[in-house]
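Colleague: My structure is below; once you've seen it, I'll send some questions.
The values are calculated or read from the model by the stated rules, or taken from the named source; none is laboratory data. Remember, it's a predicted structure, so these values are computed and weren't measured experimentally. Reconstructed Cβ throughout: ideal geometry from the backbone, glycine too, with neighbour counts over all protein chains shown.
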Amino acid sequence: MIEANGLVKDFKAVRALNDVSLKVGRGEIFGFFGPNGAGKTTCIRVLCGLTEATLGDASVLGIDVVRHPVHVRDNVSIMSEETRFYEEMTPRQYLNMFAKFMLMSRLERMRGIDLAIGLADLKSFVDRRIGHLSQGQRQAAQII
């Protein structure tokens with residue numbers, strides 16, 4: 001599912017990644033652990049095609065992150081430790097907003113929103129303001 005071989009990322013005088021290689025198979029859980037500045041976020045950014053590696057190669061879902069970074073981003077999602085929401089919006093409003101950004105038709109948005117609500121099990125709080133949701137509910141809303 002995820003494969004990296006010899007990833008190196010240099011930022012001017014700082015080497016953020018130094019020969020990182022990993023392989024994560026289907027159904028495996030993999031985590032990055034280390035002190036601040038160890039390169040965890042940089043590695044994730046490279047794997048998602050947000051930052052290009054100085055050396056090495058990587059693929060996610062069989063997609064080359066250098067050749068097809070947009071295709072990678074179309075198929076993956078990142079959940080950061082800190083989430084920034086418009087507190088007055090509801091998860092349904094958020095879904096609608098992002099669907100509009102993707103230029104989906106009204107019918108596509110309605111179908112997609114209903115599908116996401118069911119998949120992420122948001123039914124019980126999808127119309128509550130995000131500012132009133134628990135941390136777990138916010139994380140569920142962020143997944144979608």
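Colleague: Can you go through VAL20, VAL24 and tell me which one is in contact with a Leu (Cβ under 6 Å, 6 or more places away or on another chain) and either at positive phi or not basic (Lys, Arg) (or both)?
Modeller: So the residue among VAL20, VAL24 that is in contact with a Leu (Cβ under 6 Å, 6 or more places away or on another chain) and either at positive phi or not basic (Lys, Arg) (or both) is VAL20.
Colleague: Run down ARG129, ARG67, ARG111 and say which single residue is surrounded by 11 or more Cβ atoms within 10 Å (Cβ to Cβ) and in the same structural domain as GLY6 (by TED's automatic domain parsing).
Modeller: On the way: ARG129 fails: in the same structural domain as GLY6 (by TED's automatic domain parsing); ARG111 fails: in the same structural domain as GLY6 (by TED's automatic domain parsing).
None of the others qualify; the one that does is ARG67.
Colleague: Just a yes or no: is a residue in segment 95-102 modelled with pLDDT of 85 or more, outside any helix (DSSP H, G or I), touching a helix residue (DSSP H, G or I) at 6+ places or on another chain (Cβ under 9 Å) and under 19 Å from ALA140 (Cα atoms)?
Modeller: Within segment 95-102 (the criterion being modelled with pLDDT of 85 or more, outside any helix (DSSP H, G or I), touching a helix residue (DSSP H, G or I) at 6+ places or on another chain (Cβ under 9 Å) and under 19 Å from ALA140 (Cα atoms)), the answer is no, since none of the residues qualifies.
Colleague: Looking for something of a type outside the set (Lys, Arg) and free of Cβ contacts under 8 Å to residues at least 40 places away in the same chain - is there at least one such residue anywhere in segment 4-13?
Modeller: Scanning segment 4-13 turns up at least one residue that is of a type outside the set (Lys, Arg) and free of Cβ contacts under 8 Å to residues at least 40 places away in the same chain.
Colleague: Moving to a separate point now. Just name the residue that is modelled with the highest pLDDT out of those in segment 103-144 that are of a type in the set (Gly, Ala, Ser) and over 19 Å from the mean Cα position of the chain (by Cα). Don't jump to the end; show me each part of the working.
Modeller: Initially, segment 103-144 is screened for residues of a type in the set (Gly, Ala, Ser), giving 105, 112, 116, 118, 120, 124, 131, 134, 136, 140-141.
From what's left, over 19 Å from the mean Cα position of the chain (by Cα): 105, 118, 124, 131, 134.
Details: SER105: 89, GLY118: 88, SER124: 92, GLY131: 88, SER134: 88.
Filtering first and then ranking leaves SER124.
Colleague: Then there is this: Hey, can you tell me all the residues within segment 8-46 that are surrounded by 11 or more Cβ atoms within 10 Å (Cβ to Cβ) and acidic (Asp, Glu)?
Modeller: Result: ASP10, ASP19.
Colleague: Quick one: would you say ARG15 is over 30 Å from GLN137 (Cα atoms), of a type in the set (Lys, Arg) and at pLDDT 90 or above?
Modeller: yes
Colleague: A further question follows. For a quick check of your reading of the model, give me the residue pairs whose first member lies in segment 37-62 and is on the phi < 0 side of the Ramachandran plot and at pLDDT 90 or above, whose second is surrounded by fewer than 14 Cβ atoms within 10 Å (Cβ to Cβ) and of a type in the set (D, E, K, R), with beta-carbon atoms closer than 6 Å and at least 6 apart or on different chains.
Modeller: As it stands, the answer is THR54/ASP10, since those pairs meet every condition given.
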